[in-house]
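Participant: Pasting a structure here, questions to come.
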Amino acid sequence: MSFLARSIAGPMIWAVTFSVVYALHGAGCALGWDGVVAGPVSLQRAALVGSWALGLIAGAALLQRLPASGGMRAGLPRAGAWTGLVATLFTLFPVLVTSSCDAARAPAIHLFTPA
Amino acid sequence: MTDATIGAAAGTGAAAGEIAANAPQRALGLHRELDRAWANAPGWRGQITAVSHTTLGLRFMATALVFFAIGGILAMLIRAQLATPEGAFLDTEIYNQIFTMHGSIMMFLFAIPMLEGLAIYMLPKILGTRDLAFPRLTALGYWCYLFGGLILIFALLGGVAPHDGWFMYTPLSGANYSPGVNADVWLLGVTFVEISALAAAVEITVTILRQRAPGMKLTEMPLFAWYMLGTSVMMLVGFPPLILASVLLEIERAFGWPFFEVARGGDPLLWQHLFWLFGHPEVYIIFLPAAGALSTIIPVMCRTTILGYGAIVAAIVALVFLSFGLWVHHMFTVGIPHMALAFFSAASVLVAVPTAVQVFAWIGTMWKGRPEMHLPMYHVMGFFLTFVMGGLTGVMLAIVPFNWQAHDTHFVVAHLHYVLIGGFVFPMMAAAAYWMPQITGRARIKGLGETAFWTILIGFHGTFFLMHLTGLMGMPRRIDVYPDNPEWIWLNLTSSLFGFVMTIGFALFALDLVLQAWLGPRSPRDPWRAPGLDWAMRLPPPSYNFASLPGPGRLDGGAQAAQGLARGEGLLPGAPRGRREVLVTGVGSARPEFVAILPGNTALPLGLAGAIGVFVLMMLSGLYWLTLPALALVAALIWVWARGMARGRDAAPVEVAPGLTLPVHTHRQDTLGRTGAVCLLLADGTLFAALLFGVGFLSVVALGWPPPELTGDPELGAGLIAGLVAGLGLGVVAVRLGLRAQGRGGAVLPAAAGLLANLVALACLGWLAAAVLDDPTRHARDALRGVLTGYVGLHALIAAGMAAFALDQARRGEIVGARAGCLPAWRLWQDFAAVTALIAGAILLAQGAGG
Amino acid sequence: MVLLLAGCDGPLSTLAPAGPAAGDIALLWWGMLIGSAAITLLVGVLLALSFGPPRVRPARYWTHGWGLGFSLVVLTTVLVAGLWVGERILPRDDGAVEVRAHAYQWGWRFAQPDAEGGMVETDDTLYIPAGRPVDVIVTAEDVIHAFWVPQLAGKVDAIPGRRNLLRIEADRPGTHEGLCAEFCGLGHAAMRFELVAYDADAPPDALADAPPAEEFADD
Ligand code: HEM
Ligand SMILES: [Cu+2]
Ligand SMILES: [Cu+2]
C-alpha cells in the first residue's frame, strides 16, 4: 500500500462503518426491526451494535498492524488509524444508549425519562 | 537515443539529492527566451487567450472581490431593511431575492472562487513549477465562473433572481411554488459555476501530486500544499452531490420527472440530504485553504518554524473525512429519530478536535517564536478571536436539543458569519497583506491597513455578537419585518449600525489594496524574510516563475535561492526549444520522471465556456430543442481541445541537468492527463454513488411507494440490458487490444471495433428507453430509472467519442511506438463506463426489467 | 445580571422558558455559554502570553495535551449532556394529549381535544391543557414550514407527506406565541400563531364553540 493509501485507511474504516450503521438504522426503522425481538434486545439494536463492533475490531486490527516508529511515513498512517478508531467509538456509541426509531413507538429508556 | 535508454536514464540519474547543477547563464538572456514561450499575447487578445496560472489566479481573486462587493451591498440592504421593524423600503419578494442572492453570491461566487484563485496563483510558485497541470482547464474554469456569475447578476438586475434561500429547499423551489425562472437561474447558474470548482480541484490535486519540485517529498512539502490537497479532494467528492441534486431538480422543474414531489413517490428530504452532503463539507472546503494560509504566515511572523507539522497533517486528514459525516446537523429538525441525530451530533462535536489541534499548534508556534505585529498578524489575531467564538457556537449548535431551539434563527446567522468571516475572510485578509508584495512587487502605504483592520473588527463584532441574542430571543432568519416584536428593535438597530461600520472597514481595505498596487513604493525582495519558493523569484513574478526549476538542496527557497535559479543553475533551464516545459515527479518518490509540454495561449477555453453558456441560456429560456445544437458545439470543441494534445511526431528527450536526460510526456502512459482523469472519475464516481443513494433513499424512506406496475416487456428489457453491458464490455477488451497493438502502430482495427461495440451499446440503450422504460413522469421510480439510463447513455456516448478519437489518431499514425495517444484515457473511461453500466443494469433488473 | 435577564425576556424568547423542555434547553445554554466564555478567555490568555520571550514547550504539549486531551474532555461532557437532555424531552408512549398542527401557505390549522375529548378545529390558535405533556403531530399542506413555540420547546419541521412529532408542555396556564421557523415564501414573516395553555379543569369557551375537526388532507 502506498503512503497515502495507508494514511487514509483508518478514516476509511470510520467512513464505511458510519455509513453502514446509519444506513442500517434507516432501513431498520423503515422495516420495523425495532419491533422484532432478538434475544434481550431488538433486532434493530442487535444489528447496529453488531456492525459498530465490527468497525471497532477492524480499526483496532489496523492499528495493530502498523509499524510503531519511523518518522512521518509511519506516523501519519498511525495517526490515521487512531483517528478512525476514536471516530468510530465516539460517533457511534449512541447505538448503545439512545432511543432508536420513532420515539413514541420505541420502549422508553427509563434511565433518561423524567420520573 | 532509444526509448529503453531513456527509461534507464530516468531510473538511475534521478535519485533525489544527486542532481548536478546546470552551468550559470546570463539571467537576462534566459528571461527573454522564457518570456517568448510563456508570456501572454499582447493587448486584449492576450486577455482572452491567456492560460497562465498567474494571470488567471489573479483574475479569479479580483473577480471574487467584485462579487464580494456586490454581496456586501446586498448585505447592507438586508441590514437597512432590518434596522426598523416595519422595514420600510424593500417589498417581501425583493427581500427574499436579496438574502438568497447574498448567501449564494458569498458562498459560490466569492468564497470558493477566492480560494481557487489563491491556490491557482500560489501553488505552482510554492511547489517550484512553472504552471498548473492543465492551463487550458484553468482558463475554462475562469470563463465558466464568470459567465455563470453574470447570469446570476443579470437575473438580480432584472428582478428575477432566485428567491428560495441559498439552500433552495424543495418543494418551495419546485415548479408548483416557484413557477418563474428564478429557481432555474440558481440551479443552472450555480451548476455552471461549479464546473470551475471541479476543474480547479482536478488541477490542484494533480499539480500537488505530480509537479512538486524534485526532492520535495509529500512528508516535507509546505503545509499550504497539504491543506490544498485536502481541499481539492473534498471538492472532488463534495460537489458532485450538489451537481446531481441541481440536475435532478432542474429535470423535475423542466420536464416533470418527480424526484422530490411527494405525490409521485419523491421526497423533499432527498434534496436536503444531497444539498447538505455538499453543503457541510463546503464549509471546510472554505476553511482549509484559509488555515493553510495561516500555517504559512504565522511561523514567518513569529520568526520560527511551524510547530507540530505531523499533527497538523493528521488533523487535515481527519477533517477531510469527518466533515463528510456531519451533514445531518443541518437537518436536526426534520423528524429524524434521535439515535441517528446522535451519530451526527457526536460527529459534529468530534470535528472540533482536529480544529483544536490546529489552533493550539498555531498558538504553540507563537510561543516558540517571537511574534511581530506586522499587518498580517493583526488579521491573524482577528481570526483567532472571531473563529474561536464561531467554533464554540458551532459546538453549541451541534447539540441536538439546543439546535432545536436555535435552528433557523438569527443565532445561526451570527454563528455562520463568525465562522465564515473569522475562518475565511480574516485569514484571507492576512494572506492579502502577506502576499501583496509578492504579487505586485510593491510595499504598502503605512497606516491605512491597520485602520481598516480595526474598523472591520469593531464593525464585525458589533454587527454579529448581539445577533446571537437576537436569535435566542426568537427572531427567525429570512423575515423582512417584525412589527409585533419591539424587544428585537434595539438589537437589530445596533447590528445595522455596526454593519455600516464594517462596510466602511472593507472599503478601506479595498482602497489599501488598490493604493498598494498602484502607488506603493518598490518592495524589497524578501519583505518578511520568509522561506518558501514563492519568494525565490523576481517580484512581481515573471510569466514562467522560475528560469530554472528548484531541485534538491534549493527547496528552502526564500529570496537567497532566487539568484541561482534565475541564472539557470536549477533544472530544465530556459526554454531553448521554445516550448512550455515543466518537470513531472513521482507521487511518492518526488523524483523527476519526465518533462511535460504544456499548451500555449488559446481562446479555445473561452469558446468552450461560451458554448456551455449557450446551452445554459437555452435551458433557461425553455428552448429545450435548441440545447441540442449547443451540445453538439460543445462536443466539437472538446474534440478540437483534445486534438490540441495530440502529437504526430516523436519528441526528443530533454536534458534536464548534466547527466539527467528525461523523456517527454508523449512517451509515457502515466501522464498528468491520466492522473487528472483519475481525479475526474473520482468525482464522477461520487456522482454515481450519490445517485445510488437517491435510489436507495427513495425506495426505503419515501412515501408513495410501492410504485405502479412496470409495463415494459421484461424479456426484451433483460435482453437489451445484457446487450448494453456486453457492448461496453467489448469496448473494454477492444481498448486493451489497441494498447497491445500500439507498438507496431496497429491500433486502427481495435479502435474501430471499440467504436462499434459502444455504438451497439448505445443502440440497445436507445431501444430500452424507447420501448421498455415507463413514462418517467409517472413515478419517482420511473424517473430514477430514466436517470440511471441517461447516466449510462452519456458515458457510453463519451466512450464512443473516445473510441472514434482513437481511431482517428491511429489512422493519422499518432499511436505508434512509445506513443499511446488517447488509449490510456479511453481505457480508464471505458472501464468506468462498463462498471457503472453493470451496476445500473443490475438495479434496473432488480426493480424488474418490465411488467 | 437581573437587568441582562430582563433584557432576554420576550414572548418568543427561548431564555424565558415556560415549560420543561424549554427549561432544560435554556439550562443547557447557560452552561454552554459559561464554558464557552471560559474557553474564549483561555485562548485569549494563551495568545497574550505568546508575546513574551520565546518559551519552548514540546509540540505534544500543544497538539496532544491541549488539542486532543483538553478538547475531547470538554466535548464529551457537552455531548453527553446534550444526549441526556435530548432523551428527556422526546415524545414517548405515555398517554400524552395529542393535538395536530397543519401548516399551509400561510397559516396554521390546529386540532385539539375539547372538554368532552372530541377533536375540534381552530385557526391560528392552539389550545392545550397546562401542566400536562402534549404531543403535537405536525404536518404540512404545500411546502416545508416549522412549528415553534420558543417558550415551551424546540421546533420541528412540517414537511409534506410526513407526520412529525413534537412534545410540548406548559407549566402554567397562559398565552404563548408561536411562529413558522422554516422559510416558506412570501408570507413567512407573518406566519405566526398563538398557543393558549388553559387550566385543565376549565377549558376555554373558544373550544366549546369550535367546529369539530375534519380530517386533514394527508390522512
Ligand atoms: C459584509 C458583511 C455581512 C453582513 C452585514 C451580512 C449580513 C447577513 C444577514 C443579516 C443575513 C441574514 C439574512 C436573513 O436571514 O434574513 C445574512 C445571511 C447570510 N450570509 Fe451574510 N453578511 C455579511 C457577509 C457575509 C459573508 C462574507 C458570507 C460568506 C462568506 C456571508 C454568507 C451568508 C449566508 C450563506 C447567509 C444565509 C443566506 C440565506 O439565509 O439564504 N455573509 N448575512
Ligand atoms: Cu454544517
Ligand atoms: Cu415559514
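Participant: Per-residue HN-Hα couplings for the stretch C:94-104, Karplus 6.51 cos²θ - 1.76 cosθ + 1.60 at θ = phi - 60°, whole Hz, x for Gly and Pro?
Facilitator: 10, x, 5, 5, 10, 10, 10, 10, 10, 9, 9
Participant: Which lysines have a Cα lying under 25 Å from the Cα of residue B:125, excluding residues fewer than 8 positions away in the same chain?
Facilitator: Within reach: B:217.
Participant: What do you reckon, how do C:102, B:163, C:64 stack up by accessible area (1.4 Å probe), largest on top? The partial results should precede the final answer.
Facilitator: Working: C:102 0, B:163 30, C:64 75 Å².
Ranking C:102, B:163, C:64 by accessible area, largest first, yields C:64, B:163, C:102.
Participant: Post the alpha-carbon centroid distance, the stretch B:307-362 to the stretch B:775-840, in whole angstrom.
Facilitator: Cα centroid to Cα centroid, the span is 37 Å.
Participant: What accessible area, summed over both chains, is buried at the B-C interface (1.4 Å probe, Å², nearest 100)? Write down the numbers at each step before the final one.
Facilitator: Values: alone 30870 and 12840 Å², together 37300 Å².
So the total buried area for this chain pair works out to about 6400 Å².
Participant: Let me ask another. Please report, ordered by residue number, every helix of chain B (full DSSP H runs) that is 30 Å or longer along its axis going by C-alpha atoms and whose mean Kyte-Doolittle hydropathy reaches 0.0.
Facilitator: Answer set is B:53-82, B:135-157, B:182-210, B:223-255, B:268-301, B:375-398, B:448-472, B:489-519, B:672-701, B:714-741, B:780-811, B:823-846.
Participant: Still on this structure, please answer the following. What distance in nm lies between label points placed 7 Å from Cα along the C-beta direction at residue B:647 and residue B:493?
Facilitator: Result: 7.2 nm between the two label points.
Participant: Here is a follow-up. Counting only Cα atoms, I'd like the Rg/Rh figure for the stretch B:635-684, Kirkwood definition for Rh.
Facilitator: When Rh is taken as the Kirkwood radius, the ratio is 1.10.
Participant: Sticking with this one: Please state the relative contact order of the stretch B:706-847 as a whole percent: Cα pairs under 8 Å, 6+ residues apart? Let's see the in-between values first.
Facilitator: Details: 194 pairs, mean separation 47.9, N = 142.
Relative contact order here is 34 percent.
Participant: Percent of accessible area on chain B owned by carbon and sulfur, 1.4 Å probe? Walk me through the numbers on the way to the answer.
Facilitator: Working: 18250 of 26510 Å².
Heavy-atom surface of chain B belonging to carbon and sulfur, 1.4 Å probe: 69 percent.
Participant: Moving on. With just the Cα atoms defining each centre, how far is the stretch C:69-113 from the stretch B:560-626? Give it in Å.
Facilitator: So the separation of the two Cα centres works out to 54 Å.
Participant: Further question: Show which aspartates and glutamates lie in cross-link reach of residue B:446 when reach means a straight Cα distance below 13 angstrom and same-chain residues fewer than eight apart are skipped.
Facilitator: Filter leaves B:512.
Participant: Something else about it: So in the stretch C:97-209, what percent of DSSP beta bridges are antiparallel if you round to the nearest 5? Please list the in-between numbers first.
Facilitator: Values: 26 of 39 bridges.
Percent antiparallel among DSSP bridges in the stretch C:97-209 is about 65.
Participant: Another question, then. Just the number, please: buried accessible area between B and A, total of both chains, 1.4 angstrom probe, nearest 100 square angstrom.
Facilitator: 2500
Participant: What's the FRET efficiency of residue B:640 with residue A:54 using the Cβ-Cβ distance as r and R₀ = 41 Å, to the nearest 0.05?
Facilitator: The formula returns an efficiency of 0.20 here.
Participant: Convex hull over the Cα atoms of the stretch C:39-190, averaged projected area in nm²?
Facilitator: Mean shadow area of the hull around the Cα atoms is 14.1 nm².
Participant: Sticking with this structure for a sec: I'd like the FRET efficiency for residue B:632 and residue B:740, computed as 1/(1 + (r/R0)^6) with the beta carbon distance as r and R0 of 45 Å, rounded to 0.05.
Facilitator: Efficiency, rounded to the nearest 0.05: 0.85.
Participant: Which whole number gives the average count of other chain Cβ atoms within 10 Å of the Cβ atoms across peptide C:140-151?
Facilitator: Taking all residues of C:140-151 together, the mean is 4.
Participant: Using Cα positions and a limit of under 16 Å, work out the aspartates and glutamates in reach of residue C:155, with same-chain residues fewer than 8 apart set aside.
Facilitator: Those aspartates and glutamates meeting the cut-off are B:408, C:24, C:87, C:135, C:169, C:177, C:182, C:194.
Participant: Something else now. Nearest-5 percent of antiparallel DSSP beta bridges in chain B? Walk me through the numbers before you get to the answer.
Facilitator: Numbers: 13 of 15 bridges.
Among the beta bridges of chain B, antiparallel pairing accounts for roughly 85 percent.
Participant: Would you mind telling me the antiparallel percentage of the DSSP bridges in the protein assembly as shown, rounded to 5? Don't jump to the answer; show the numbers that get you there.
Facilitator: Numbers: 42 of 57 bridges.
Percent antiparallel among DSSP bridges in the protein assembly as shown is about 75.
Participant: At 0.36 nm per residue, and after removing the present C-alpha to C-alpha distance, how many nm does the segment from residue B:66 to residue B:18 gain when stretched out fully?
Facilitator: Once the chain is fully extended between residue B:66 and residue B:18, it gains 12.5 nm.
Participant: R0 = 22 Å: FRET efficiency of residue B:28 with residue B:517, Cβ-based, nearest 0.05? All intermediate terms of the calculation are to be shown ahead of the outcome.
Facilitator: Values: r = 26 Å, r/R0 = 1.17.
According to the calculation, E is roughly 0.30.
Participant: Let me ask something else. Amide H to amide H, which residues 5 or more places from residue B:594 or on other chains are under 5 Å from it, using H placed in the peptide plane?
Facilitator: Result for residue B:594 returns B:584.
Participant: GNM, chain C, Cα, under 10 Å: largest mean-square fluctuation among C:40, C:139, C:175?
Facilitator: Evaluated over chain C, the most mobile residue of the options is C:40.
Participant: Quick one: which residues, 5+ away or cross-chain, put their amide H under 5 Å from the amide H of residue C:158? H built at 1.01 Å from N.
Facilitator: C:145, C:146, C:147
Participant: Please compute the net charge surrounding residue B:439, taking Lys and Arg as +1 and Asp and Glu as -1 over other residues with Cβ under 15 Å from its Cβ.
Facilitator: +4
Participant: To continue, here is another question. For the protein assembly as shown, what is the calculated [θ] at 222 nm in deg cm²/dmol (nearest 500), taking -39500 (n - 2.57) for each run of four or more DSSP H residues and dividing by its residue count?
Facilitator: Estimated from H runs of four or more residues: -19500 deg cm²/dmol.
Participant: Related question: To the nearest 10 degrees, how steeply does helix A:3-31 sit against the main Cα axis of chain A, on a 0 to 90 scale?
Facilitator: Compared with the principal axis, the helix lies near 10 degrees.
Participant: Let me ask something else. With the other protein chains left in place, how much accessible area per residue, in square angstrom, belongs to the protein assembly as shown at a 1.4 angstrom probe?
Facilitator: About 35 Å² of surface per residue is accessible.
The values are calculated or read from the model by the stated rules, or taken from the named source; none is laboratory data. Computed from a predicted model, the values in this text were never measured in an experiment. Positions of Cβ are generated from backbone atoms using ideal geometry, with glycine treated the same way; all protein chains shown enter the neighbour counts. Quick note on the areas: whole protein, heavy atoms, side chains included, nothing else; ligands and nucleic acids left out. Shrake-Rupley method; radii C 1.70, N 1.55, O 1.52, S 1.80 Å.
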